[in-house]
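Nothing in this text is a laboratory measurement; each read-out follows from the coordinates by a stated rule. For clarity, every value in this text was computed on a predicted model and none was experimentally measured. Note that each Cβ is placed from the backbone with ideal geometry, even for glycine, and that neighbours are counted across all protein chains shown.
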Amino acid sequence: MEIWEYSATQLRQSLDNKEFSSQELIKTLLQRIDQSKLNAFISVLDLENAQEQAYASDERRSKGTSLGFWDGLPIAVKDNICTACLRTTSGSKILKDFVSPYDAHVIEMIKQQGGIVIGKTNLDEFAMGSSGEYSYFGPTQNPCCIGASPGGSSSGSAAAVSGCLVPIALGSDTGGSVRQPASMTGIFGLKPTYGRISRFGLVAFASSLDQIGILGRNIADIAHLLEIIATPDPRDATCTLQKAPSYDDFLAWSWNGKTIGVAENYFHEPGIHPDIASVCKKSLDATHTLGAKVVTIELPEPGIALSTYYVIASAEASSNLARYDGIRYGSQAPLQNLTKDESPLTELYMQTRNLFLGQEVKRRILLGTYVLCEGYARSYYQKAQQARQSIRNQINTILEKVDYIATPTSPIPAFQIGEKVHDPMRMYLCDLFTVMFSLSGHPAISMPIGFTQQNAPIGLQLIGKFFAEKDLLQAADSFPQPGK
Amino acid sequence: MISAKELHDLAYLAKIRVTEEQQAHSAQDLEMMLQYFGCLQKTSFQLEQPNFFSHLLGRKDIAIDLYPNQSQIWKNAVHTKDSYFVVPKILEK
């Protein structure tokens, strides 16, 4: 086994056993990132800075003053999470040179533990996309399927973890942006409860839905990272004061007596890949042998959830992204060809946004503006708010009767780059099963459970009760998986 | 159907320029999406007060000094005056 294939937990043990140093580890991974053709990273820590941090960590370890589990370990971070050491582009031309004056809460927590933010990962512009293709910095490649997209919008984080460039990465999940790429690259992807992790320093897309999530190759690593980043933060009014689960509290756990709710119609949705439906069902059947009971439930129509999500998310995006006008935030276009129709200021806004924002972002801003317009807000935005409440109520009621809900993570496996990029509705349908639990705010995890006949990874999504991340992670850890 | 004028007004509100060549394509995209979202209109939902965040514990409304070291914040600014960032003039009258 090569050093880059180690999980964070294995790396921790190896560092403690002095099998290699943090400096050697970081140097090896930086070389691997440099040689990689995945385009998973937008910015990478320079060797000198990285070695300095790793050296400090090695020194602490030798003196017995290690800062904790993550001391000296590398972590990749999605490039919409602010870091003072590396630029934060959000995958957009408008922020291509933006260096945040501060660290996001999650970065502060990682640094307090001695963790090394090794680089910033590629993403769809402003996290709007399901394939990574809407990044100004070019598409990310799927390490599992040549020429295919790794999913999105946390495309770089998923590819970096799956391709063993790093053991673990942070992503963000507004409608499935951690879970869907995790599913398409054969790794785990956790979207915690809305409010579990502070979003201070996360570039806002749709604030009532945005969550920071974690992508990893095993549950122990995810639990260890969740424990340190999910701490109370007064700078995010939605951040809970509840303590995050500690991995040390993970005791023997069994599926025996647990119930999993499954909506049968989700496996017959038009467009669902037959291999995904059959592998998910087989995997759920396997939980019987572990003592779990699979019961049929009725979930809200996925089409209603998808519509609700895109109305609300686009409306919030149109408001959140209004700040990128060349004056308040972002690069500024050189003002030219002034017309008599507009004021110079309006011209500057329009020329800047036209020049620096990508097609998909503009499409969503237009959509969001439309659904908020007087005359349409009642039939779209207000209706979507009612639908969201109804969805939340239904899922809450279901979770009073069952321990977990299970659905396929994505209706389709990894698809070829370029296949859907010009058809927004086909792209949006990739989020068919994930958006519902973003709308409801429940924690959800995508787990790798098998492969299609063409060897593309398949993920199953498991949803738990509010703030029951510990339970959810334990359930995912014990779920029947390939090779386990 | 979204008319050219409607699209123009929408783009103006969004501060986005849609060129004449892009108009047909943008209108088509919007219509396709709105058509899909039409399922919302066909469904009736109970009219109730939204409580999307009721699972979050209530937090006391207390003012906290988040930045005890304000000088740390200003250190990145090129120019400051009386605890404000000073930015260059962008537009001439």
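Using the Cβ-Cβ distance between B:Lys5 and A:Arg328 with R0 = 25 Å, the FRET efficiency computed as 1/(1 + (r/R0)^6) comes to roughly 0.30. As a rough footprinting exposure proxy, the listed residues A:Lys420, A:Lys93 were ranked by other beta carbons within 10 Å of their own, and the order from fewest upward is A:Lys93, A:Lys420.
Given R0 = 35 Å, the distance between the Cβ atoms of A:Asp249 and A:Glu48 translates into a calculated FRET efficiency of 0.35.
How high is the FRET efficiency between B:Ser83 and A:Asn354 when r is their beta carbon distance and R₀ equals 56 Å, given to the nearest 0.05? That pair, B:Ser83 with A:Asn354, gives E of 0.95. Restriction of the GluC sites (Glu not before Pro) in the range B:1-92 to DSSP coil positions whose beta-carbon has at most 13 other beta-carbons within 10 angstrom yields B:Glu48, B:Glu92.
Only lysines eight or more places from A:Lys293 in sequence, or on another chain, were considered; those with a Cα closer than 19 Å are A:Lys258, A:Lys281, A:Lys282, A:Lys401, A:Lys465. From least to most packed, judged by other beta carbons within 10 angstrom and beginning with the fewest, A:Leu45, B:Leu56, A:Leu73 follow the order B:Leu56, A:Leu45, A:Leu73. Among the aspartates and glutamates, which have Cα under 19 Å from the Cα of B:Lys42 when same-chain residues fewer than 8 positions away are ignored? Filter leaves A:Glu301, B:Glu31. Per-residue ellipticity at 222 nm computed for chain A from its helices equals -11000 deg cm²/dmol, with DSSP H segments shorter than 4 residues left out and the rest contributing -39,500 (n - 2.57).
Once the chain from A:Arg87 to A:Glu59 is taken as fully extended at 0.36 nm per residue, the excess over their C-alpha distance is 7.3 nm.
Distant-in-sequence amide contacts of A:Val294, defined by a placed amide H-H separation under 5 Å and a gap of 5 or more residues or a different chain, comprise A:Ile260. Taking 0.36 nm per residue of sequence separation and removing the Cα-Cα distance, the B:Gln41/B:Trp74 pair yields an extension gain of 6.9 nm. For the range A:305-379, the relative contact order works out to 43 percent when only alpha carbon pairs closer than 8 Å and six or more residues apart are counted. Scanning residues 5 or more positions from A:Thr121 or on other chains, those with amide H under 5 Å from its amide H are A:Ile42, A:Val77, A:Lys78, A:Asp79, with H placed 1.01 Å from N in the peptide plane. Loop-resident GluC sites (Glu not before Pro) (DSSP state other than H, G, I, E or B) in the range A:290-390 with no more than 16 further Cβ atoms inside 10 Å of their Cβ: A:Glu298, A:Glu342, A:Glu374.
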